[in-house]
Amino acid sequence: MKILFINPVVRMEDVPKHVPYGIALLAKICDLKGYQVQVFDANAWRPSRADVARVLEADRWDVIGIGGISTTYNYTQFLLEEISRLPFNPFVILGGGIITSMPHDIMKLMPRLDLGVIGEAFQTLPEVLDRLAHGNRNWEDVKGVIWRDAQGQSHLNSPRELMYKLDELPYPAWEMFPLEEVYFPNSQTLFSEEGMMAQRRLDINSSYGCSLICRFCFHLGLTGDMTVYERDNNRDVVFTYERDIRYHSPDYIVNLIVYMKEKYSIDFISFFDENLMTMNVATGGTWLREICEKMISAGLQPPHIRESRPFDPKRDIGKGIHWSGTSHASLCNPEILNLMRQAGCSHLVYGLESFNDRVLKNIGKGTTARQNKEAIAMTLNNGIRPIPNQIIGFPDEWFDSIYDAMDAWDEMGVVVKPFFATPYPGSEWYYTYKDRILEQYNNDLDAFMRDLGDATNVTAVISQNFNSVELLGLRELMVRRDRRKIREYDGLWAKLHGQPKFPKFKSAGWRDRLEEFRSGERLNLYVDPIGQ
Amino acid sequence: MSFLKGNYKLAQEVAPSQEEIPADKLLEQEYYKTALSKLGGSIAFIMKEKTFLWKGDEEDAAAKDAPS
Ligand code: B12
C-alpha cells in the first residue's frame, strides 16, 4: 500500500523552520509497518500550484494523509481541491488539531475527506491503514476516528486511549524531510545569541500536556483534555481541564539527542513541549534534572559554558548542543534554571501574557504579575534569555491592564509587540464565544477558519471592552509607550461606554458544554470532573 | 532535489520546476520583498502587476453607448 503524507503550508510570512514532528513520527511508524511511504513537505518547499499537481500525480497513492494545526485550513482546502482533480481515488485522511478541535464541522467543510483521526494517531492510524490494506472499510469500531457513511453523514467514534509507553515510539523519520535543502539553512531563530548562530537545528517533542488551564489554549486532544459525549445519537468532542501528563524518559530523550548529533551533526534543539516545567513539577523535580545531567555526562555541554566564558561565535559555533524550550513563571526555580543553563539552554519561552492580576486570574494562567517579573529576573540571572510573550485583547482587558503592561515592560526591559487574544478552535474561549465569533464572520465558519493565522493579526475579537480597531490602535500606542494618547482615549472611552465589563470565568466555557452533553453517555476512559 | 522523500524509489522523481523568471523579474521580486519588510513612512511602492491603469473615460463612454 502506498501512502503519501502531506505537510500543509503554515505561517506563510516566515521561512519554514520546523519539521512537523507528528507527521515525521507517523511516517516512521508506517515505514516500520512495511508500507510504502513518501512525504511531501509542502510547507518546506512552498511549491507552485502546478508543482503540487505534479507531486500528486507522481504515483497512484492508496492513501493520502494530511495533518496540521487549525491555521493550515486554507492550504488543506486547496490540497483537497487538487486531490479531487486526480484521475484516481486515494483514501484521504486528515489528522491533528485542525480536525480534533471540530470533527463534525471539518467533515462538513471538507467533503473530499474520507476519514479524520481525532487526537493521538500513533495507534489509530496503523489500525486504519491495516483495515484499508485488507479491503475493510468498516470504521464503526475503530476508536479515535470520524468517518463518513454512504450518505456522506459523519460519525464520531469513541476516543482512542492515549499511549503511555511513549519510549516505544521510534525516532522521527527526519530522513524523509528536506533537512539539507530547507531546514538546516533556516536553523537560526532570533530568540538568543546562540539561537541566532545555530547552523543545524532540529526539534524534539519530549512530553505531552500542561497542567494549567489557560482558556485560550488547546492541547490537541493529546493530554487527557478531550472527552466524547453522546446524547440522542449525537456525539461530539468536549475539551475539559482534565490532564493526563505524559513524558519520554530522560534516557530516551538524551539517547535521541546523541543520535541526532551523530547522524545529523546538529548544534541546536528546540523543545516543542507545551511546558517543560509542568513535567518537572509532576515528577517532583527529577525529570528536567535528569535530562540536564545526562546531557552533560553525554558530552553535549557547550564548551564555553563548561569553561565559564561568554559564547564566542568564532570559537563556539557548532560545538556542543544549545537548546531552548518553554517555561512557566510560577513553576520554575533558580536551581533548575541554573542546571538547564549548564546543560546548554539558551532561551526559554514564557507565556507571561499580561501583567495584570485580574487578567491573569481569568485566563487561568496560575501566575501573578509579581511572579512574572520574578521569573524574568531569575531566568536572566541564570544566564538564560526569557522570551516574554504578551497578549492583549483578553475578555476583561481594559485600560488598567494596558497601563500595567507598559509599566512592567519599562521596569523589566521587555521589548515586545503583543499577540491578540485569539479564540482558536479547541480552546475554552472558542466555545464560550462561539456565537460572537461567528457573528463577526456573518455566521460563516469557513470565513473564520480562513482568517485564522498568526495571532499577530486581529481576527475574531473576544474582548468585552474593546473592538478590533481599538485593539490595533492601542497595541501601536503601547509599543510606542504613548501613555498620553492612551490616557486621552481612556477619557473618551469612559464618556462613551461608562463602566468596563469584567466577566468572571470560573469554568464556564467547557462546563456549560459538558452539561449540555452530560445527560448522555460519556464515552471516555477518564474520570468525569463534575462527578468527582 | 526532489519534492518527495520516502522509503522507496519513485518511477520518476518530481523536482521543483525551474521557474523561468527573467533576471529583471528576479530583481523586482527581491525589491518587493526587501521593501515590504521595511514598509512604512517613505518606504512605499507599487506592485506593477496589480496596477490599475486609468484609461481616461473610455469605459464610461462605452457604458453610455451600450443599449440598456
Ligand atoms: C511546532 C508548532 C508550531 C509550528 C508549525 C507546526 C508544524 N509544522 O508542526 C509553528 C511555529 C509554525 C506554529 C505556529 C503556531 N502555532 Co503551533 N505549535 C507547535 C507545537 C509547539 C508542536 C507541534 C508538535 O509537533 N507536537 C508534537 C506532535 C507529536 O504532535 P502533532 O504534530 O500534533 O501530531 C499528532 C496529532 O496531532 C496527529 N497528527 C498530526 N498530523 C497528522 C497527520 C495525519 C495524516 C494524521 C493521521 C494525524 C496527524 O497525530 C500526531 C501523533 O499523535 C505545538 C505544541 C505542542 N507541543 O504540541 C503548538 C500548537 C500546535 N500551536 C498552536 C498555535 C495556537 C499556534 C499559533 C496560532 C500561535 C500564534 N499565536 O501565532 C501559530 C500559527 C501560525 C500560523 N500563521 O499559522 C496550538 C494549536 C492550535 C490549533 N487550534 O490547532 C498548539 C497546540 C500550542 C498550544 N497549546 O496552544 N506552531
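Counting only Cβ charges, +1 for Lys and Arg and -1 for Asp and Glu, the dipole size of chain A around its Cα centre is about 740 debye.
First check a/c for region A:2-163, with a ≥ b ≥ c the square roots of the eigenvalues of its C-alpha gyration tensor; if it is under 1.5, answer rounded, and if not, answer prolate when a/b is larger than b/c or oblate otherwise. Rounded, since a/c falls under 1.5. Partners of A:Lys319 within straight-line reach, counting aspartates and glutamates whose Cα lies under 17 Å from its Cα and excluding those fewer than 8 residues away in the same chain: A:Glu193, A:Glu194, A:Glu262, A:Asp267, A:Glu307.
Counting 0.36 nm for each residue step from A:Arg483 to A:Lys417 and taking away their Cα separation leaves a gain of 22.2 nm. Counting other Cβ atoms within 10 Å as a rough exposure proxy, the listed residues A:Met196, A:Met1 run A:Met196, A:Met1 from fewest neighbours to most. Label-to-label distance for A:Asn255 and A:Lys143 is 2.6 nm, based on points extended 7 Å past Cα in the beta-carbon direction. Across region A:241-248, rounded Karplus estimates of 3J(HN,Hα) from the backbone phi angles (6.51 cos²θ - 1.76 cosθ + 1.60, θ = phi - 60°) give 8, 5, 9, 10, 7, 10, 8, 6 Hz, Gly and Pro being marked x.
Whole Å is fine, so just give me how far the alpha carbon centre of region A:56-97 lies from that of region A:296-328. Region A:56-97 and region A:296-328 have Cα centres spaced 41 Å from each other.
Taking other C-beta atoms within 10 Å as the exposure proxy, B:Thr34, A:Thr189, A:Thr76, A:Thr124 rank B:Thr34, A:Thr189, A:Thr124, A:Thr76 from fewest upward.
The ranking of A:His248, A:His134 by Cβ neighbour count inside 10 Å, starting from the fewest, reads A:His134, A:His248. Applied to region A:269-280, the Karplus parametrisation 6.51 cos²θ - 1.76 cosθ + 1.60 on θ = phi - 60° returns per-residue 3J(HN,Hα) values of 10, 9, 7, 7, 3, 4, 7, 4, 5, 4, 5, 5 Hz, with x for Gly and Pro. Separation of region A:222-280 from region A:431-473 is 29 Å, based on Cα centroids.
How much net charge surrounds A:Phe419 when only other residues with a Cβ under 12 Å from its Cβ are counted (Lys, Arg +1; Asp, Glu -1)? Don't jump to the answer; show the numbers that get you there.
Numbers: positive: A:Lys417, A:Arg475; negative: A:Glu353, A:Asp454.
Counting the neighbours of A:Phe419, the net charge comes to 0.
Along region A:458-471 the Karplus relation, 6.51 cos²θ - 1.76 cosθ + 1.60 evaluated at θ = phi - 60°, assigns HN-Hα couplings of 6, 10, 7, 8, 10, 5, 8, 10, 10, 9, 5, 5, 5, 5 Hz to successive residues, with x for each Gly and Pro. Counting only other residues whose beta carbon sits under 15 Å from that of A:Asp357, what net charge do I get with K and R as +1, D and E as -1? Charge balance near A:Asp357 sits at -1. Less than 16 Å from a label point 7 Å out along the Cα-to-Cβ axis of A:Lys361: which backbone N atoms in region A:398-413 qualify, by residue? Hits in region A:398-413 for A:Lys361 at 16 Å: A:398, A:400-401. Here is how the number arises for chain A: DSSP H runs of 4 or more residues each give -39500 (n - 2.57), the sum is divided by the residue count, and the result at 222 nm is -10500 deg cm²/dmol. Tell me whether region A:217-263 comes out rounded, prolate or oblate; compute the Cα gyration tensor, take square roots of the eigenvalues as a ≥ b ≥ c, and use a/c under 1.5 as the rounded threshold. Prolate is the answer for region A:217-263, as a/c is 1.5 or above and a/b outweighs b/c. For region A:108-263, the spread of Cα positions along the three principal axes, ordered from largest to smallest, is 57, 38, 31 Å. A straight Cα-to-Cα reach below 12 Å connects A:Lys28 with the aspartates and glutamates A:Glu175, residues fewer than 8 places away in its own chain not being considered.
Just subtract the alpha-carbon distance of A:Thr456 and A:His134 from 0.36 nm times their residue separation and send over the number in nm, one decimal.
Details: separation 322, 0.36 × 322 = 115.92 nm, distance 4.67 nm.
Gain on extension, A:Thr456 to A:His134, equals 111.3 nm.
Find out how many positive minus negative residues lie around A:Asp31, taking Lys and Arg as positive, Asp and Glu as negative, among other residues whose Cβ is under 13 Å from that of A:Asp31. It would help to have the intermediate numbers written out before the result.
On the way: positive: A:Lys2, A:Lys28, A:Lys33, B:Lys5; negative: A:Glu175.
Once all neighbours under 13 Å are counted, the net charge is +3.
Once the GluC sites (Glu not before Pro) in DSSP loops with at most 11 neighbouring Cβ atoms within 10 Å are cut out of chain A, the longest remaining piece is A:308-532.
Spatial offset of region B:1-19 relative to region A:377-419 amounts to 46 Å, using the alpha carbon center of each.
Among the listed pairs A:Lys17/A:Lys373; A:Lys434/A:Lys485; A:Lys33/A:Lys165; A:Lys17/B:Lys38, give every one whose C-alpha distance is greater than 27 Å. Each step should come with its number before you reach the end.
On the way: A:Lys17/A:Lys373 30 Å; A:Lys434/A:Lys485 33 Å; A:Lys33/A:Lys165 18 Å; A:Lys17/B:Lys38 22 Å.
Checking Cα-Cα distances, A:Lys17/A:Lys373; A:Lys434/A:Lys485 exceed 27 Å.
The loop-placed GluC sites (Glu not before Pro) in region B:2-44, going by DSSP, that have at most 15 neighbouring Cβ atoms within 10 Å of their Cβ come out as B:Glu13, B:Glu19, B:Glu20.
Remark: the protein assembly as shown projects, on average over all directions, an area of 34.1 nm² (convex hull of Cα atoms).
All of the numbers you see were taken from the coordinates with simple rules; none came from a lab. This one's a predicted model, so the numbers in the text were calculated from it and none came from an experiment. Don't worry about glycine lacking a Cβ; one is built from the backbone with ideal geometry, like all the others, and counts go over all protein chains shown.
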